Amino acid sequence: MLPTDPVPTPQQLFRWLDSGRITREEFRTAMAVHAGEIIQEMEQAHANPIVAKFNELMNRREAWKWTRRHGERIMREVLCALMDEERFPPARWLWNAAHLHVPVHIFFRTRGTPVMRFLEMTVHPQHVTLVIEHGGSETLPPTRERFHLRRNRQQSLQVERREIV
């Protein structure tokens, strides 16, 4: 049975389905919520194509800036580590960050609400420190969080700790 919390991320839903924690029908129902969000974004982009194109250009610029500094491989590793973080609202958009055919810029949301953008990133061989601004609405400012990621024994990045900035 699905918890009464907001809909879990697609990554969590896939894990729950594979482990038998939820049924196929519960999986489909929860994924329909995510599909609905994507369709709603597409409809908004279709209704206002100039704003949508501007937002896309700003997201491409943001992704280009960080991939130029640290490389696409590191960016995808960081996004995948964030994707597995529970209680991190933007994780719901990061579930396919490991797929190389998906462009990196689609994971950034530099304009509008809710936002998801990187403010600082320091990369070392075994750890990454990252400050992210995410969320927000017309009445609430976005949240700034510092994430400390560390490589595990399999050499993949995992969130070690996080704190509000």
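The values are calculated or read from the model by the stated rules, or taken from the named source; none is laboratory data. Everything numeric in this text was worked out from a predicted model, so none of it was measured. Ideal geometry is used to build each Cβ from the backbone, glycine not excepted, and the neighbour counts take in all protein chains shown. Accessible surface is based on the protein model in full, side chains and every heavy atom, while ligands, DNA and RNA are left aside. Shrake-Rupley method; radii C 1.70, N 1.55, O 1.52, S 1.80 Å.
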Problem set entry | Sites Gln154 and Arg61 - FRET efficiency at Förster radius 35 Å, r taken between beta-carbons, to 0.05 | 0.60
For this session: Using a/c under 1.5 as the rounded threshold, could you call the stretch 54-118 rounded, prolate or oblate? The axes a ≥ b ≥ c are square roots of the C-alpha gyration tensor eigenvalues, and prolate needs a/b larger than b/c, oblate otherwise.
Result: oblate
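If we count GluC sites (Glu not before Pro) as exposed when they sit in a DSSP loop and have at most 16 other beta carbons within 10 Å, what is the longest stretch of the chain that avoids them all?
On the way: sites that count: Glu86, Glu138.
Result for the longest clean stretch: 1-85.
In Å², and per residue, what accessible area does the chain have when probed at 1.4 Å with the other protein chains present? All intermediate terms of the calculation are to be shown ahead of the outcome.
Working: 10280 Å² over 165 residues.
I get 62 Å² per residue for this part.
Taking the Cα centre of the stretch 23-165 as origin, work out the dipole magnitude from +1 charges on Lys and Arg Cβ and -1 charges on Asp and Glu Cβ, in debye rounded to 20. Don't skip to the end; give the middle numbers.
Details: 22 positive and 18 negative charges, 123 e Å.
For the stretch 23-165, the charge dipole is close to 600 debye.
Just subtract the alpha-carbon distance of Arg68 and Glu120 from 0.36 nm times their residue separation and send over the number in nm, one decimal. List each step's numbers first, then the result.
Details: separation 52, 0.36 × 52 = 18.72 nm, distance 1.39 nm.
In short, 17.3 nm is gained.
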For this session: Calculate what fraction, in whole %, of the accessible area of the chain sits on carbon and sulfur atoms when a 1.4 Å probe is rolled over the protein chains.
Result: 55 percent
Exercise. Near Arg162, within a Cβ-to-Cβ distance under 15 Å, what is the net charge of the other residues, with Lys and Arg +1 and Asp and Glu -1?
Worked result: -3
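Probe radius 1.4 Å, ligands and nucleic acids left out: which of Lys53, Lys65 has the largest accessible area, and how do the rest follow? List each step's numbers first, then the result.
Values: Lys53 105, Lys65 65 Å².
Final ranking, largest accessible area leading: Lys53, Lys65.
By Kyte-Doolittle mean hydropathy of at least 0.0 and Cα axial length of at least 15 Å, which whole DSSP H helices of the chain are selected?
On the way: long enough: 24-47 (34 Å, -0.51); 49-70 (31 Å, -1.20); 72-83 (16 Å, 0.70).
In the chain, the long hydrophobic H runs are 72-83.
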Exercise. Out of residues 5 or more away from Ile22 or on other chains, whose amide H comes under 5 Å of its own, with H placed 1.01 Å from N in the peptide plane?
Worked result: Leu17
Exercise. If you compute Cα Rg over 2.2 N^0.38 Å for the structure shown, which of (i) 1.07; (ii) 1.31; (iii) 2.10 do you land on?
Worked result: (i)
For this session: In whole Hz, with x marking every Gly and Pro, tabulate ³J(HN,Hα) for the stretch 99-107 from phi via Karplus 6.51 cos²θ - 1.76 cosθ + 1.60, θ = phi - 60°.
Result: 7, 5, 7, 8, x, 5, 5, 6, 8
Exercise. So what are the ³J(HN,Hα) numbers for the stretch 146-161, from phi and the Karplus equation (6.51, -1.76, 1.60; θ = phi - 60°), rounded to whole Hz, Gly and Pro as x?
Worked result: 9, 10, 10, 10, 9, 6, 8, 5, 8, 6, 9, 6, 9, 5, 8, 7
